[in-house]
1. Using the count of nearby Cβ atoms within 10 Å as a rough guide to exposure, how do A:123, A:107 rank from fewest to most?
2. Need the C-alpha centroid separation for the range A:138-192 versus the range B:59-100, integer Å.
3. First check a/c for the range B:22-61, with a ≥ b ≥ c the square roots of the eigenvalues of its C-alpha gyration tensor; if it is under 1.5, answer rounded, and if not, answer prolate when a/b is larger than b/c or oblate otherwise.
4. Going by how many other Cβ atoms sit within 10 Å of their own, how do A:157, A:57 line up, fewest first?
5. In the range B:42-136, if the dipole is taken from +1 on Lys/Arg beta carbons and -1 on Asp/Glu beta carbons about the Cα centre, which of B:119, B:50, B:130 is farthest to the positive end?
6. Once phi is turned into ³J(HN,Hα) by the Karplus curve 6.51 cos²θ - 1.76 cosθ + 1.60 with θ = phi - 60°, what whole-Hz value does each residue of the range B:192-207 show in order, with x for glycine and proline?
7. Enter the Cα centre distance for the pair the range A:38-92 and the range B:194-240, rounded to the nearest angstrom.
8. Per residue of A:104-114, how many C-beta atoms from partner chains lie within 10 Å of its own C-beta, taken as a mean?
Amino acid sequence: MRKLKTVTRTVVPLVILASVAACSGGKPAGSITPQQLTDSLHTVLSTDRAVYTKLIVNRLQNEEKIIKATEHWKEEKTLVLPAQMFRAGAEMVRDKGATFSYSLLSTWPINKQNAPKTEAEKTGLDYIVANKGKNYYTEETLGGKKYFTAVYPDPAVAPACVTCHNDHKDSPKKDFKLGDTMGGVVIRVPMGS
Amino acid sequence: MADTKQKRWWLAAGLVMLALSGYFSARLFGDDRRLFLPNTTSHGHHQIELACDTCHTPFAGVKQEACNQCHGEELAAVNDSHPRKKFEDPRNADRLTVLDARYCVTCHVEHQPERTLAMGVTQPVDFCFNCHAEIAKDRPSHKNYAFDGCAASGCHNFHDNTALYEDFLVKHLNEPATLARPAVAKRDLKPWIKLVSPNSYQRTLTRADADAPGAMAPKHLDEWVGSAHARAGVNCRDCHAPAQVDGARAAWQDKPGAAACNSCHEREQQGFQAGRHGMRLAQKLSPMRPELARQPMQPDAHGRELGCSSCHGAHAVNVRRAAVESCVECHDDQHSKAYADSPHARLWRAEQAGHGAAGSGVSCATCHLPRELHRDVDLKGIRVQHNQNANLRPNEKMIRGVCMHCHGLGFSIDALADPALIQRNFTGRPAAHVESLDLAATRLKQPRKPKP
């Protein structure tokens, strides 16, 4: 009888503690953190765009000189600009019902609607420009919903990036160099239930 | 005693309730729901105001799909400047609390005539301010412009800016009022007809070929013999007793109706039903009649039903008549009345008489039923847009598809911004000048020095 009591008093609490400890981890084994998700998304997004910029735009426009990439590509029957290709993807992804969202923003935007708007965006863009190579992670609440927000530097990976922005009538900055951080990719993942 | 009296009152009340619910149900589920129509509907929708289900989903309000079923394709085609997807990014969440631009009904509410402004907009005319308050920073030229003039200026539209965006203005900066070689595009229906009907255009059919059973009215035969249908090889039975899917011919119908036209002219039919002439048919209502219109119409035209043959003539299928005479048989407004004496009409008459260059004439249809490039898998060609509303409001929509075939951009913008000139059907010169091209030219000349 006493032995049973001792066992119950030691083992049961231990079992309870163990299960609480296991559950309080929050996620079952094998799930990923918001940061891992945004990092993975960013890897895919930036790589796809870099491939498009280098293998298609830079090659055909600047090397072979057989077609241009222009802003009004549909009307002029030219190539889509890398930034537009990126944005088109962001819109299409939303149409497919994805919960994450992404956008391309800059402190020196050609289209002023792509300037940073939220506090997280402003701080994030300043941070990635001041700290070359580093990402910025934070949480923010927009429209009553909570988001994990990541800001990644968007460097000038090809000469096409730099020449077009420097020559553009509406660009506030006209002395970009290859490798400069021209803006940031902002990826948001909704948090909580 | 009091008890019986009470019971009688209850009985009476019950009977009244029953009568009322019977009456309202009959109205609600019957054909005439005018009882439930609150207020006057807008110019855009009044023709279909009794087809409540077109817009309203029972117990779910007006869904976005209801708007998109008629207007979605058109908005996509003009590269809508403010599409829904622009506002779905979470970073725009704060803007949506002021003006939820994801939904058409935020700015276009029906049944509220007291606050319905131009283009069916039910928001105050300075709504642009909500998101574009900082515009003077980006465009110093706009510093002294009022916020209620954005859309009325002839410079900006909320949805369709295909003729107004800055790079387009720059491309067409110094064009003359009338171009050196003004010409309306030539229609090109043959490739499509040949696709639908491989045996067409083999030879022009003659009087002897007519295959109607029994006696034909001489008028109908005469009209058909000289017509485009006879030239294309379309015989009587092709419309009156068309071939079915199984190869057999349908029974002869004296009045075949629009379904007969569909096999070859489906695109035109779709356009017709998308505009003000045929939108009632699209909602399975009776055809439009002039007396139902809110525009001035010829009293003689009352009672006429609008369909393919009302403009084209069932047997003559005369497109030249459909371009002017058919229109003025019904339309009796200032602009239509002024057409006959206008420079456009003079060019039209000259071309018809043979001394004007081909494509130099301008009929009602030239502007209101414009010739557009259509693409269909492998086929590409010029067809007539039968949605007369597609380029009507705001009228800047007419610039690229119509005006710029003959006129420079600046002249076109100025002309369309002058309501008095429009009333006179473009007799005379534009009184006002819209500054958009000047502003674009100024920015072009600005030195491109980097900002400090």
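1. Details: A:123 15, A:107 18.
So the ranking, lowest neighbour count to highest, is A:123, A:107.
2. 26
3. Details: a/c = 2.17, a/b = 1.41, b/c = 1.53.
Judged from the Cα gyration tensor, the range B:22-61 comes out oblate (a/c at least 1.5, b/c at or above a/b).
4. On the way: A:157 18, A:57 23.
Ascending Cβ contact count within 10 Å gives the list A:157, A:57.
5. Positive-end residue among those listed: B:130.
6. Those phi angles translate into 6, 5, 5, 5, 6, 9, x, 8, 6, 6, 6, 7, 6, 6, 10, 3 Hz.
7. Their Cα centres are 54 Å away from one another.
8. Numbers: counts 0, 1, 0, 0, 2, 0, 0, 1, 6, 4, 0.
Mean partner shielding for this stretch: 1.
Since every read-out is calculated from the coordinates, none of them should be taken as a lab result. Because the structure is a prediction, the values reported are computed rather than measured. We place every Cβ from the backbone using ideal geometry, glycine too, and count neighbours over all the protein chains shown.
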